[in-house]
Amino acid sequence: MSNIGDVIRTLREEKGVTAKDLAARIGLSASQMSRLERGQRRVNSEVLARIARALEAQPSEFFEEVDSSTIRPLASSAATPLRCAIGKILRSARRQKHWTVEDFARKTSTSRAFCISVEEGRRSGFETDFIRKACRLLGLQVVDLLASVEEDLDVSEIVSAHKNSPPSLPDGESPPGIPLIASELTAYPEELDERGVPAGAVEDWLRLPGIDPNRSFALRVAGDSMAGAGAERFLPGDVVVFSLDKQVSSGDLALVRTSWESQKGPDRSRTVFCRFFADDPEAIRLQFLRSEVPPYILPTSEVERTWGMVLHLRPPTRPG
């Protein structure tokens, strides 16, 4: 079977379109397009649809003798109402116990982002033993959970819940605030959406005066690499807001997306929160505030994207 990337590259070349031009048309970076065509990045059906439109091709042309494991289905599916109902019930039971999402994640031995994705209906939790463990901790019998889901699967209620869920908004509707994005698998999101914003579960919407919610996003600080000494320190769980428009200068605090080309294996991408230094035209230094953490020094070409920090928020119970 062919890799979907091979098929995309063949069709692109037949149409006389360069990889760079195609990437620009569908909202991906050149390096993302390269990884996609080499089979190092899975592609969902939404991206395939954009590629088909850009190449004026029929979607069926992508699926002739293609290995379907390289195609990632969209999160929204026929199972979405069921997942939303399960998530709603688990969230309600968690709140009745006065547990935070952090408490729930710790007790189920999962991540905060995983729990959020289940509660938002982005995943069912059945792919691991999460549901069994969660039911036991919350005092729910699985059969009771299923009975509650059946009662909750009222069509009008599900449509309303799905329409108002944080990750997506109806076309033309303004966001209720700045999206606080949680990554499920890595410290910070490594994939980008079509607007060039890091992609992940939307944990909450932040309403912050003077910051355009259409041109900004927020993340929670992960790890302690930015827990420096003195007043300038970022502790795990702190919220940092970034702007899509702020020009990042040498010495600024920023979120930086990098891509390393390795001769020993596939390209690697990583997104880090750090202090950005343009030491010379050919090299970039990504410096962390914690002195024990060594900096990253990369060729300028391997820095794909930067977002400047505009605000640092600490939990009210934390000093400083």
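The values are calculated or read from the model by the stated rules, or taken from the named source; none is laboratory data. Source: prediction; values computed, not measured. Glycine also receives a Cβ, built like all others from the backbone with ideal geometry; neighbour counts cover every protein chain displayed.
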The lone exception for Ala218 - which of (1) modelled with pLDDT under 80; (2) out of contact with any helix residue (DSSP H, G or I) (no Cβ under 7 Å at 6 or more places or on another chain); (3) not in a loop (DSSP other than H, G, I, E, B) it fails: (1)
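Taking helices (runs of 4 or more DSSP H) that do not extend beyond the range 44-161, which have at least 3 residues that are of a type in the set (Val, Ile, Thr) and modelled with pLDDT of 85 or more?
Values: elements: 45-55, 80-96, 101-108, 112-119, 130-138, 142-152.
Answer list for the range 44-161: none.
Tally time: how many residues in the range 218-237 are of a type in the set (A, V, I, L, M, F, W, C), in contact with a Phe, Trp or Tyr (Cβ under 8 Å, 6 or more places away or on another chain) and over 18 Å from Ala201 (Cβ atoms)?
Within the range 218-237, the first condition is being of a type in the set (A, V, I, L, M, F, W, C), and the residues that meet it are 218-219, 221-222, 226-227, 229, 231, 234-235.
Next, from what is left, pick out any that are in contact with a Phe, Trp or Tyr (Cβ under 8 Å, 6 or more places away or on another chain): 218-219, 221-222, 226-227, 234.
Subsequent filtering for residues that are over 18 Å from Ala201 (Cβ atoms) retains 226-227, 234.
Adding up the residues that qualify gives 3.
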Any pair with Cβ under 9 angstrom, 6 or more apart, that starts in the range 231-249 at a residue that is over 12 Å from Leu219 (Cα atoms) and ends at one that is charged (D, E, K, R) and assigned to a strand (DSSP E or B): none
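To keep it simple, each residue is scored yes or no on (1) in contact with a Gly (Cβ under 9 Å, 6 or more places away or on another chain); (2) surrounded by fewer than 18 Cβ atoms within 10 Å (Cβ to Cβ); (3) of a type outside the set (D, E, K, R); (4) not assigned by TED's automatic domain parsing to the domain that holds Cys274.
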{"site": "Arg195", "(1), (2), (3), (4)": "yes, yes, no, no"}
{"site": "Asp212", "(1), (2), (3), (4)": "no, yes, no, no"}
{"site": "Arg215", "(1), (2), (3), (4)": "no, yes, no, no"}
{"site": "Gly230", "(1), (2), (3), (4)": "no, yes, yes, no"}
